[in-house]
Amino acid sequence: MTISLIFMSALMLVVAWWIIKQTVNTQPWEAKAGHPEIGRFSGRSLPQPNSKLGLFVFLAVVTSLFSLFISAYMMRMELGDWRPLSDPGLLWWNSAALVLSSIALQWALIATKKNQIETVRNGMVLGGFFAIAFMAGQLIAWQQLIASGYIAQSNPANAFFYLITGLHALHLLGGLVVWSMTTIKLLAGVELERLRLSVELCAFYWHFLLVIWVILFSLLLST
Amino acid sequence: MIFAIALVILVIGSVLFHFLSPWYLTPLASNWSTIDDTLDITFLVTGFVFVVVNLFMAYCVYKFRHKEGARAHYEPENKKLEIWLTIITSIGVAAMLTPGLYVWADFVSPPEDASIVEAVGKQWQWSYRYPGEDGKLGSVDTRHTTTKNPFGMNPEDPNGQDDVLVLGDMHIPINRPVKMLLRSQDVLHDFAVAEFRVKMDLVPGHVTSLWFTPTVEGKYDVLCEELCGVGHYNMRSYVVVDTKADYDIWLSSQRTYAQTVSGDNAGASMEGVSASEQGRMLAISRGCVACHTTNGTPGIGPTWKGLFGKTETLVDGSNVVVDEAYFIESIVSPNAKVVEGYSPIMPPSSFTDAEMKALIAYVKDDLK
Amino acid sequence: MSNVAHDAHDYVPPVEIPEMELYHPKTWLGKYIFCQDAKVIAIQYSIVAIGIGLVALVMSLLMRVQLGWPGTFDFIDPAGYIQLVTMHGMIMVVYLLTALFLGGFGNYLIPLMVGARDMVFPFVNMLSFWIYFIAVLVLVASLFVPGGASGAGWTLYPPQAILPGTPGSGTGIILMLVSLSLFIVGFTMGGLNYVVTVLQARTRGMTLMRMPLTVWGIFMATVLALLAFPALLVACIMMLLDATIGTSFFMPAVVSMGQQLDYEGGSPILFQHLFWFFGHPEVYIVALPAFGIVSDLLSVHARKNIFGYRMMVWAIVIIAALSFVVWAHHMYVSGMNPYFGFFFATTTLIIAVPTAIKVYNWVLTLWRGNIRLNVPMLFAIGFIFTFVNGGLTGLFLGNVTIDLPLSDTMFVVAHFHMVMAVSPILVVFGAIYHWYPKITGRMLDDTLGKFHFWTTFLGTYAIYYPMHYLGFLGVPRRYYSIEGTSFIPESAADLNVAISIAAIFVGAVQLVFLYNLFVSYFRGKEAGPNPWEATTLEWQTADTPPKHGNFGEKLPLVYRWAYDYSVPGAEQDFIPQNVPPSVGAQTVDDEDEEDYEQHS
């Protein structure tokens, strides 16, 4: 549980530090209307759109989920019957697809700031294409593994491989739902102004899932 | 006013209940008086806090109750008071924790010279294994477990040949530290003897342990205290604390693994005991009574009272008259013909012919 | 404030908050069923949670009947008994308390108390409720499938949870795991709302340190829940795979009922770590909202600010942070590495310090107050008493050594019911008596309320205080019956009878409460907007009950904290949060006032 413990402790420390910093020097019982920070306080803790903060909180939850899976993985690995599986070489190609997907979305994001709607469209479509390619590649990798006899029941290493990669793909699938709604609107000619935030959130979510994948992949490779 | 009085009465009542009620720790029968001491220290500290905080609250509720025209005192906070309260609380917590950690350090380091006894749990019975003359327990594996080899002994291991296998009560000599190794074959169980104070879970796939030194002769209940299925509440056994001499006599009368394999029954001294009495003892020691009552009420399985000659309806709708053949079949392969209304959850067991005869004699004659 | 100089350079222009686009239902279905108004969702959550909670209450009475008069009632067999134990525990902890405190009180109170029109993601909020509702249906369905509901105990420990010696080890446990997974998904949706609403949708002037402690408690509990529930989800998914396709995450090689099973090498202790990594924060997920709510009840009805507000906030934050490093105190005798005991005993006892500070501050709030013993106040003081009792017995179990004789006995049952059942439920009752006038516009009947308090408070104490002593004797928990032991005296059976009678009595008087809830809705005294003369924003709404959008045309502006009671020099003994300083004790110059207004 060390991994989760470290993650949780870090996160809780950040929360605690932030809150205490916000609160340590205030005398809440003094009713001050005119104080710059208190009186004119807007009611927002962060100058960010709500949906962006919502995504951040959601990603904290997802990080917690994956850190717990990794903790469980490491604890289960210690037990005697663990036989590591040979990771299919295809995973490298899949990783490359995911990296390209992330880059394409970043490209789209940069284009939104310059109001280049064509580039945004291209970036989004390309990003989605590579993400779907990644998922297809993962599916083929599963089939290769099953064909070469790595059954989930036969060893926990196999079971964890399917579980962790499957769960990661499931999160990407959720991202693709939002991506497709945004892309359809883009292609239908909805003005960029109304989609800027969606593109930004998609790109951010993609980068996040890429980081998670890199961590998971290196874990799978190293064990 | 009423509330303040109620609070005072509750505090006094709670304290009186503690001192006057007949229900408290069972008399200690092991070396773990230190656990009781730690408990007493904690009682002292927490009892003090309980009384002081609640009486102070009762006082506040009475003294500062709403009065016409009165106003509450305005005081947002009082740093000094809060810091003092924090310090005092921390001291109280340290006073409870420190002895606790010392005793725990003792618990996790069993004495070198402790004798080894292994307790094996399975749904819903206890059995015990002693290392025999060589002082070493033979290796075991769940994969070796069959009804003929209930301990899962490795037949190849020379260390295991002289292991003493006990399906009945566990015996230990007085005033000698015992380290119990705990092993489970199916689900979680927990080895607990109230008089010894210590307990520990049995975890399949792991060997856990605990240690104690029995200090009072007697026969104590062993209970399973980790939920282990429908028969959990009846998963019982006994531990008998003997003098060294009695213990040696008892141990020498038990069968070793090699003897059980060769069918040599020399160890069992059942002379002079009637067959049905032997059957009764078997039924208790092998855990049958966990599920089968002897008083006519249905348990997890059908009652044994008046079993023979009864016509039972099976789950497939057919009928069967209970005779010796059906009785034996139900023990050897219990899920072949399950009586309607019961789940197919009985583990098959193995008895020698003599034991089976004794069991039948008990159910047939004593439980007519 | 005239004495605070502010120059141009330290003037921070506020971020404009655009008026939120409110969802306007067009159909009856949209208004009452698939409604996106947090207040309606709150009521929906509360009704479902209390409904399923009543089922679990009946289950507990059946268990008490069996323990009090073993063998008298044929319809409770050993398998049925542990199914009752399991379902009662799971429903009460997750489906009642978590859902009621966060989904119920959280939805109703957060937007109103921080001065928001609604939650920030109303649609997701609505989905959250409906997924919760489906989770409850799946759980209920598990009672009726072949083999019945799971009987593995609410901790669902493998291997027994999925092996045939336990009732419901087939479909029952699978439905339980699916239901829990759904609950977690639904809760995460709601939780995102609560957190983001508190962070982003507060009204002008509502700084973090001006929030009522109720909001603090619910907010931190939600943060905990969002981070801790994934641990349960991980455990559920892995156990589902073990149970259905036969992986060996948690399952070692076992011989079950004489059969060698195909499992190999898994670790049941791994499940326990995951379970309690969720399970212990879960205790605080229930406790922190209760802490927050009770602080507000005490302050309002004692007409005094909560003593040491800042310390109370920090205590909530510190308790929340520490709750992630104490989980293994549930596992001292589980067979885990015994050296962990040192660490977890220490962290567990450290958490007692901030908790104790909260208790001191509650009592010090009463000190020199002007206590009005209204019904909510009775419940609040009752809470302090039972919480002190339950908290102190926690020091027994948390101290690893004393846990040896007491774990898995009735002492544990008594402890966690005192601290996690009786105490939060007293707060729930207090909160309902307190906010019912705002929710319905009518007061609950006072006489029935007092009767309800005294019977519940004294009754539950009579159930659980003596139960600790059964634990000292060594009576194990989760036992269908305990007969034929040498160490448990006959008199313990008498004590069990007494406890059962008290339990049935307490269960029965809850009918009075339900009657009160129902009848007062139609015939209760008109409450008016602010019957308790409280300062917080929910009592300052334009309408009672508040309409969709909460605060009439204009959102309130906040000038002060939530605890301006009995301020010296003020006309009344309370000053609502949206009253500018000039009206209260302190003055404000006109220029500031204008400044303030022009940005609103």
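A few comments on the model shown:
- Annotation: C:Ile501 fulfils all but one of (1) open to solvent by 40 Å² or more (accessible area, probe 1.4 Å); (2) within 12 Å of another protein chain (Cβ to nearest Cβ); (3) under 29 Å from C:Leu397 (Cα atoms); the unmet one is (2).
- Unmet criterion (only one of (1) open to solvent by 80 Å² or more (accessible area, probe 1.4 Å); (2) among the polar types (S, T, N, Q); (3) part of a loop (DSSP other than H, G, I, E, B)) for A:Gln143: (3)
- Of residues in region B:330-368 being open to solvent by less than 60 Å² (accessible area, probe 1.4 Å), within 14 Å of chain C (Cβ to nearest Cβ) and not in a loop (DSSP other than H, G, I, E, B), the one farthest from B:Thr146 (Cα to Cα): B:Ser330
- Selected residue (only one of C:Ala152, C:Ala235, C:Ala161 is of a type in the set (Gly, Ala, Ser), away from chain B (no Cβ under 14 Å) and either touching a residue at least 12 places away in the same chain (Cβ under 8 Å) or touching a Phe, Trp or Tyr at 6+ places or on another chain (Cβ under 8 Å) (or both)): C:Ala235
- Taking the numbered list (1) surrounded by 13 or more Cβ atoms within 10 Å (Cβ to Cβ); (2) part of a helix (DSSP H, G or I); (3) touching a Gly at 6+ places or on another chain (Cβ under 9 Å) in turn, A:Leu167 passes all entries but (3).
- As for region B:241-249, it holds at least one residue that is assigned to a strand (DSSP E or B), at pLDDT 90 or above and more than 12 Å from every other protein chain (Cβ to nearest Cβ).
- Tally of residues being open to solvent by 10 Å² or more (accessible area, probe 1.4 Å), hydroxyl-bearing (Ser, Thr, Tyr) and part of a helix (DSSP H, G or I) across region C:180-221: 2
- Qualifying residue in region C:241-259 (condition: assigned to a helix (DSSP H, G or I), of a type outside the set (Ser, Thr, Tyr), closer than 19 Å to C:Ser169 by Cα and open to solvent by less than 10 Å² (accessible area, probe 1.4 Å)): yes
- If you go through region A:146-164 and keep only what is in a helix (DSSP H, G or I) and among the hydroxyl-bearing types (Ser, Thr, Tyr), you end up with just A:Tyr162.
- Residue, farthest from B:Trp104 (Cα to Cα), within region B:48-77, restricted to residues that are facing chain C (nearest Cβ under 8 Å), assigned to a helix (DSSP H, G or I) and touching a residue at least 24 places away in the same chain (Cβ under 8 Å): B:Val61
- The condition of being out of contact with any helix residue (DSSP H, G or I) (no Cβ under 6 Å at 6 or more places or on another chain), buried (at least 20 other Cβ atoms within 10 Å of the Cβ) and modelled with pLDDT of 90 or more holds for B:Met170.
- Every listed requirement among (1) within 20 Å of the chain's Cα centre (by Cα); (2) assigned to a loop (DSSP other than H, G, I, E, B); (3) among the polar types (S, T, N, Q) is met by C:Ser150 save one, (1).
- When residues in region C:398-408 are screened for being within 15 Å of C:Met467 (Cα to Cα) and more than 8 Å from chain B (Cβ to nearest Cβ), 1 of them pass.
- Across region B:61-74, the qualifying residues are those that are under 24 Å from A:Pro28 (Cβ atoms) and surrounded by 17 or more Cβ atoms within 10 Å (Cβ to Cβ), and the one among them that is nearest to the chain's Cα centre (by Cα) is B:Phe64.
- Taking the criterion of being without any contact (Cβ under 8 Å) to a residue 40 or more places away in the chain and either surrounded by fewer than 20 Cβ atoms within 10 Å (Cβ to Cβ) or away from chain C (no Cβ under 14 Å) (or both), the residues of region A:153-164 that qualify are A:Gln153, A:Ser154, A:Tyr162.
- Set A:Leu68, A:Leu55: member being modelled with pLDDT of 85 or more, crowded, with 20+ Cβ neighbours inside 10 Å and facing chain C (nearest Cβ under 8 Å): A:Leu68
- Flag for B:Asp248 being among the acidic types (Asp, Glu), more than 19 Å from B:Val187 (Cα to Cα) and buried (at least 19 other Cβ atoms within 10 Å of the Cβ): no
- Residue check for C:Leu143: part of a loop (DSSP other than H, G, I, E, B) and either free of Cβ contacts under 8 Å to residues at least 40 places away in the same chain or surrounded by fewer than 24 Cβ atoms within 10 Å (Cβ to Cβ) (or both): yes
- Residue within region C:278-301 that is within 7 Å of another protein chain (Cβ to nearest Cβ) and either assigned to a helix (DSSP H, G or I) or over 24 Å from the mean Cα position of the chain (by Cα) (or both) present: no
- Any hit, region C:302-313, residues being assigned to a helix (DSSP H, G or I), more than 9 Å from chain B (Cβ to nearest Cβ) and either over 24 Å from B:Ile88 (Cα atoms) or modelled with pLDDT of 95 or more (or both): no
- Qualifying residue in region C:259-277 (condition: away from chain B (no Cβ under 12 Å) and either closer than 16 Å to B:Leu188 by Cα or charged (D, E, K, R) (or both)): yes
Here is a yes/no grid of residues against (1) open to solvent by less than 10 Å² (accessible area, probe 1.4 Å); (2) of a type in the set (Phe, Trp, Tyr); (3) at pLDDT 95 or above:
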residue: C:Gly484; (1), (2), (3): no, no, no
residue: C:Pro489; (1), (2), (3): no, no, no
residue: C:Val506; (1), (2), (3): no, no, yes
residue: C:Asn516; (1), (2), (3): yes, no, yes
residue: C:Lys525; (1), (2), (3): no, no, no
residue: C:Arg560; (1), (2), (3): yes, no, no
residue: C:Ser566; (1), (2), (3): yes, no, no
residue: C:Asn578; (1), (2), (3): no, no, no
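- Flag for C:Val519 being within 19 Å of C:Leu62 (Cα to Cα) and out of contact with any Lys or Arg (no Cβ under 7 Å at 6 or more places or on another chain): no
- Boolean, B:Ser127 is more than 9 Å from chain C (Cβ to nearest Cβ) and buried (at least 17 other Cβ atoms within 10 Å of the Cβ): yes
- Condition check for C:Gly191: modelled with pLDDT of 95 or more and either touching a helix residue (DSSP H, G or I) at 6+ places or on another chain (Cβ under 9 Å) or within 14 Å of chain B (Cβ to nearest Cβ) (or both): yes
The values are calculated or read from the model by the stated rules, or taken from the named source; none is laboratory data. What you see is a predicted model; the values in this text were computed from it and never measured. Because the Cβ atoms are built from the backbone with ideal geometry, glycine has one as well, and the counts that use them run over all protein chains shown. These area figures cover heavy atoms from the full protein model, side chains too; ligands, DNA and RNA do not enter into them. Shrake-Rupley method; radii C 1.70, N 1.55, O 1.52, S 1.80 Å.
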